[in-house]
Structure formats: structure tokens, C-alpha cells
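Presented below is the structure to which this report refers.
The values are calculated or read from the model by the stated rules, or taken from the named source; none is laboratory data. Quick caveat: nothing in here was measured; it's all calculated off a predicted structure. Don't worry about glycine lacking a Cβ; one is built from the backbone with ideal geometry, like all the others, and counts go over all protein chains shown.
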Amino acid sequence: MITYCKRILSLLAVMATTCTAAAADEIVVGGKNFTEQQLMAQITSELLKAKGYDVDTRSGMGSAALRQAQENGQIDVYWEYTGTSLITYNKVEERMSPEKTYDKVKELDAEKGLVWLDPSSANNTYALAMNKDEAEKMGMTSISDLAAKVKDDGDIDLACNAEFYARADGLKPLQEVYGFEFDRSNIKRMDTGLTYQALKENEVDVALVFATDGRIPAFDFVLLEDDKEFFPSYALTPVIRKETLDKNPEIAEHLNAVSAKLNDETMAQLNAAVDVEKKTIEDVAQSFLKNNGLI
């Protein structure tokens, strides 16, 4: 009789778990159109699937379109950068510490029905990179050095994406802070991923990169020091619609566990596994989750 009761209780527990997972709404996971974002969308999707959720993944979106889709309820969760929300979405121009940046976007986005979960230690800020040998030859270690060189002879080519060219935290205000200006003919606009290849092949002198990109060490690039601290903090953080979180509060614990495992070095390794070692995003995401005991 005791054994029979135990079996019944065990069956009820399994049924309860299954019903909870089945009752969960479909979670729509978004991501932007570059490697790090595609990785985070895949990691999030695989994790939530492993926890019993029905997941719809929509990565490869532009930044503004993705944010708008989340505000409109079409995307439930994606990983955003604190600096992007502060400056681009909330139009805050005041320079803030990483902690204050997070607190401010959390406060402002709460008014829009969005919840910022725990920030990771991965700060994927914009950066300007050069080939190491060229930087040494020119004696350039900082963006101030770059500004002086451009003002001196002007013959410096920059590769950047179209978004950075037009962003409120992009090229124009960067030039204003550092007191220089590229000639329009020296600015080569291209897709984000192509800036790395253009620099590697010496088609340009300087390229816009993301600080956690694995191609920086792999291609022997050096980052020019942002000595005037122009670029804000871009802490990689999961952001979820409050309505979705209210219905599925345990998602916060799952995604915060991922945040706790991420820093600049880890993110660069994940990015390099895709961009340099040519592994699939699916394989890299699965390995990360398994190696960290998340699934």
C-alpha cells in the first residue's frame, strides 16, 4: 500500500511539472543582427526550451526594429545593452557610471512595461581598433592620438556600420568630443561584420568594433584607448516584458543564471568560436549551457 501511494504521488508530481510547462505561454525570443546577439538569442531559446517552454526565436533584427517589437508586445525577451537604451531609446545625454546607467534604464523602461534583469559583466561597448603593427608604426594608442593624426594629414580611412554613422552615441558626437572630423570620403560604411575584414586586409586604417568580439585578439588588433571616456557602458542584460514575466516569474531566475556566467573574456571566446573557429551558433550555445550546468 505504501509503495502504491508513493507511485501515485510521484505520478502526480510529474503531471504537475508537465502541466506547468504546458501551461506556459509561448515565449518569443529576439536578437539583433550580429554574432553576439544571435548567440544570446540561441542560448536563451535553448535554455527556455530545456525548462519546458514553447519558444519562437526571431533573431537577425535591426536594433530599433527589435526594441519597437518588444514595446509592441511582439517580442517577449532579448538581451540589450544598457548604453543603447539610455542614449538611443531614452534620449539621455548625461554621462553616467555603469551602475547609474543600469539603474536609470531600469527605471525609465519600467514605465514602458519592460523589466531589466541582472546585468552581466560583459560590457560590449563600441571601440576603435587598428592593426597592431600599424598602430605601433604610427605611435597611436588612444583616440586622442587618432584625432591628432586626422587633423595633421587627414588621410586616415575609417570603416564603420551605417548605424554608428547616424547614432546619437556614434561618429558625429565622438568627433565633437575629441575635436576632429573625418573627411566624408575617408568614411567607409559597410555591414558590421565586414569592418573586421576590411581592417585585417588593410583596406582601412581604423575600424569600428565591439569590445567583446573574438576577432580582436584573433586578428591581432589593438583597441585605441577611449581616453576621454566617450563611449558609455554597454552591459549585456536580459530585458523582458513585465506582462510576460508576471505570467512566468521563474524566467528571471533562469536568465539571471546566464548573466552570472558572462564577462568580457567569456563573451569574446563565444564570439570567436563562431567568427574565427567557424562553429555553428547552435553548437556554441549548447556547449555553453551544458559546460556551465545550465541545462
inquiry  = Name the single residue that is farthest from P173 (Cα to Cα) among those in region 87-101 being at pLDDT 95 or above and touching a Leu at 6+ places or on another chain (Cβ under 9 Å).
reply    = T101
ask   = For the subset of region 86-96 comprising residues that are under 16 Å from the mean Cα position of the chain (by Cα) and touching a residue at least 40 places away in the same chain (Cβ under 8 Å), which member is surrounded by the fewest Cβ atoms within 10 Å (Cβ to Cβ)?
value = T88
query = How many of the residues making up region 252-264 are in a helix (DSSP H, G or I), more than 14 Å from N124 (Cβ to Cβ) and small (G, A, S)?
reply = 2
ask   = Given (1) within 21 Å of S59 (Cα to Cα); (2) buried (at least 16 other Cβ atoms within 10 Å of the Cβ); (3) of a type in the set (S, T, N, Q), where does S233 come up short, assuming only one miss?
value = (1)
request  = State which residue is surrounded by the fewest Cβ atoms within 10 Å (Cβ to Cβ) when the search covers only region 270-295 and only residues that are small (G, A, S) and part of a helix (DSSP H, G or I).
outcome  = S287
message = Give me the residue from region 181-207 that is among the hydrophobic types (A, V, I, L, M, F, W, C) and either in a helix (DSSP H, G or I) or touching a Gly at 6+ places or on another chain (Cβ under 9 Å) (or both) and, out of that set, surrounded by the most Cβ atoms within 10 Å (Cβ to Cβ).
response = L199
query = Condition test on D226, is it over 18 Å from the mean Cα position of the chain (by Cα), surrounded by fewer than 23 Cβ atoms within 10 Å (Cβ to Cβ), touching a residue at least 12 places away in the same chain (Cβ under 8 Å) and under 12 Å from M130 (Cβ atoms)?
reply = no
Members of region 114-169 that are part of a loop (DSSP other than H, G, I, E, B), under 30 Å from Q37 (Cα atoms) and not hydrophobic (A, V, I, L, M, F, W, C) = D118, P119, S120, N124, T125, T141, D157, N161, R167, D169
query = Got at least one residue in region 161-181 being of a type outside the set (D, E, K, R), out of contact with any Lys or Arg (no Cβ under 6 Å at 6 or more places or on another chain) and farther than 23 Å from G83 by Cβ?
reply = no
Residues of region 68-82 satisfying the condition of being under 13 Å from the mean Cα position of the chain (by Cα) and part of a helix (DSSP H, G or I) = T82
inquiry  = If M267 satisfies all but one of (1) out of contact with any Asp or Glu (no Cβ under 8 Å at 6 or more places or on another chain); (2) crowded, with 19+ Cβ neighbours inside 10 Å; (3) assigned to a helix (DSSP H, G or I), what's the number of the condition it fails?
reply    = (1)
